[in-house]
1. Per residue, how many Å² of accessible area does the chain show with a 1.4 Å probe?
2. Test of understanding: what is the full-extension gain from Asp37 to Ala86, defined as 0.36 nm times their sequence separation minus their Cα-Cα distance?
3. Using a Förster radius of 25 Å, what is the FRET efficiency between Ser96 and Ser120 based on their Cβ-Cβ separation? Nearest 0.05, please.
4. Roughly what would the spin-label model give for Lys215 and Lys179, points 7 Å off Cα along C-beta, in nm?
5. Run the numbers on the chain and let me know its relative contact order in percent, using alpha-carbon pairs under 8 Å that are six or more apart.
6. Mind pulling the angle between the C-alpha long axis of helix 12-24 and the longest principal axis of the chain? Nearest 10 degrees, somewhere in 0 to 90.
7. Quick one: Debye curve from the C-alpha atoms of segment 94-207, no solvent, what's log10 I(q)/I(0) at q = 0.11, 0.14, 0.22 Å⁻¹?
8. Angle check, please: helix 73-85 long axis (alpha carbons) against the longest principal axis of the chain (alpha carbons), in degrees 0 to 90, nearest 10.
Amino acid sequence: MTRLIGIYGASGFGREVMPIARDRYAHDDARFVFIDDDPTQAVDRANGHDILTWETFLEAGPAAGVAVAIADAPVRRMLMDRCVAAGVPICEIRASNVTVGDDVQIGEGAILQPFSSITSNIRIGRGFHANIYSYVAHDCVIGDFVTLAPGVKCNGNVNIHDFAYIGTGAILRQGTGEKPLVIGAGAVVGMGAVVTKDVAPGATVIGNPARLLEKK
Ligand SMILES: CC(C)(COP(=O)(O)OP(=O)(O)OC[C@H]1O[C@@H](n2cnc3c(N)ncnc32)[C@H](O)[C@@H]1OP(=O)(O)O)[C@@H](O)C(=O)NCCC(=O)NCCS
């Protein structure tokens, strides 16, 4: 019997994740679809895959799993919780060339895109996204629903709290075992920032060295 694998989100990131999911979960009876509830969605196909709403996905047959490819972390949590409540398994997406070292724990629903690396002695919570060419180095502790955009360099002994977003190409200075560098919950690190000091919860920082973004 055909079993459905859904990529939640048919926008840019979801369309990047789909071929990785196809590669990872390829078997004869799998049908790969996008799930997107955006009522303004004008098309019902993307890159050869049907785009279903959540309701039509549930009606379409037994679900083998869903990966939530939505960058917005609170929405990501809501959709993962929706899957759990409906008894739909959450799948992990891990590109074939991702490297993971020793003593690494990664929570459910991670999406690890090509050329990303998680080295050793690392704890990562639920719903983690590591976009292409990003890395997490030794002894980092990462909370739930954290997002690393492409090319993020997260050096050793950094703690990133829940819902933080690290923009493209940002560099996070290494901490120490006694004093990790801390990115607070819900903080945003702008693309290209070089973070040398802790970032407060909810703050947005930009630049080199990273400073608070103050809106004019
Ligand atoms: C930092 C960020 C969140 C700010 O977004 P925002 O709140 O919408 O801010 P604005 O675009 O209004 O920019 C405010 C000011 O900061 C500047 N700025 C914005 N992002 C900046 C960055 N990363 N580095 C340096 N300056 C930046 C803008 O030029 C603007 O300057 P001005 O006031 O002199 O014109 C955003 O620019 C960013 O870097 N997002 C990450 C994008 C990313 O990595 N995407 C990955 C997709 S896979």
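The values are calculated or read from the model by the stated rules, or taken from the named source; none is laboratory data. It should be emphasised that the depicted structure is a prediction, and the values quoted were computed from it without experimental measurement. All Cβ positions, even for glycine, are placed from backbone atoms using ideal geometry, and neighbour counts span all protein chains on display. For accessibility, only protein heavy atoms count, side chains too; no ligands or nucleic acids. Shrake-Rupley method; radii C 1.70, N 1.55, O 1.52, S 1.80 Å.
1. Per residue, the chain has 47 Å² of solvent-accessible surface.
2. Length gained between Asp37 and Ala86: 16.0 nm.
3. 0.80
4. 3.3
5. In percent, rounded to a whole number, it is 11.
6. Computed tilt is about 70 degrees.
7. At q = 0.11, 0.14, 0.22 Å⁻¹ the computed log10 ratios are -0.27, -0.45, -1.21.
8. 40
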